[in-house]
1. Quick one: in region 110-129, of everything that is small (G, A, S) and under 14 Å from the mean Cα position of the chain (by Cα), which residue is nearest to V153 (Cα to Cα)?
2. Select from region 10-27 the residues that are surrounded by fewer than 16 Cβ atoms within 10 Å (Cβ to Cβ) and either modelled with pLDDT under 95 or of a type in the set (G, A, S) (or both) and list them in ascending order.
3. Can you pull out the residues in region 193-202 that are of a type outside the set (V, I, T), over 15 Å from the mean Cα position of the chain (by Cα) and not in a helix (DSSP H, G or I)?
4. Among the residues of region 28-49, is there at least one that is hydroxyl-bearing (S, T, Y), more than 14 Å from the chain's Cα centre (by Cα) and either surrounded by 15 or more Cβ atoms within 10 Å (Cβ to Cβ) or assigned to a strand (DSSP E or B) (or both)?
5. If I filter region 60-72 for residues that are of a type in the set (F, W, Y), in a loop (DSSP other than H, G, I, E, B) and in contact (Cβ under 8 Å) with a residue 12 or more places away in the chain, do I get at least one hit?
Amino acid sequence: MKIVETFVSLQGEGVRQGMPCFFVRLAGCNLNCAWCDTPASLSEGVEMSVDEVIAKIAESGLQYVCITGGEPLLQKEEVKEILAVLKGAELIVDIETNGTLGFEDLFDAAYICMDVKCPSSGEISDLSLITTLRETDCVKFVIGDEADYLYMVEVLAAHPDLKAAVCITPVYGTDVSWLIETIIAERLPVRFQLQLHKQVNIP
């Protein structure tokens, strides 16, 4: 499978923000977001076998793994092979996905963090996938401006039965005061998050 990098860090976002985590970043993406913060994931990466990836996870000694990208579900069959092993080892696994490819077939072995693409990204997610998310999953909106915020409000209003936790992250480097004030004023049932790894300058 094509891998950009594997590394140990703190989870920077989502419901497990702050937890020590072993990251597997897969190469390739079917989108090209205007504010992509991991452009290296658009590369071809390096070839690693599933067994090599699993060995690195085992060597880390961590019980929490995040499979991310790019878009990891472009290599779903290999991801499934990894998940089968990690499930047997009773590890916690998050998969970060851009919400364009189905993921229900991974529910028995992983939690999903679906990134809903807002207008400033220049891309579009498949909003029908939101309805499949569970209480143990997460949906994330990266907000760059007011148009993004209003889009998020529309999406949430259109999915009143959404079960997953909702996380809001501002595009890195943008002003966050207006977003915080608006969330508080409108009493939104969301989690505001800065990207922890960027705030403390770790990978």
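The values are calculated or read from the model by the stated rules, or taken from the named source; none is laboratory data. What you are looking at is a predicted structure, and each value in this text was computed from that prediction instead of being measured. With ideal geometry, Cβ positions are generated from the backbone for all residues, glycine too; neighbour counts draw on all protein chains shown.
1. So the residue we want is S125.
2. Listed by number, the list holds a single entry, G18.
3. Initially, region 193-202 is screened for residues of a type outside the set (V, I, T), giving 193-199, 201.
Checking which are over 15 Å from the mean Cα position of the chain (by Cα) leaves us with 198-199, 201.
Scanning region 193-202 gives a single hit, N201.
4. No, region 28-49 has no match at all.
5. Checking region 60-72: not a single residue is of a type in the set (F, W, Y), in a loop (DSSP other than H, G, I, E, B) and in contact (Cβ under 8 Å) with a residue 12 or more places away in the chain.
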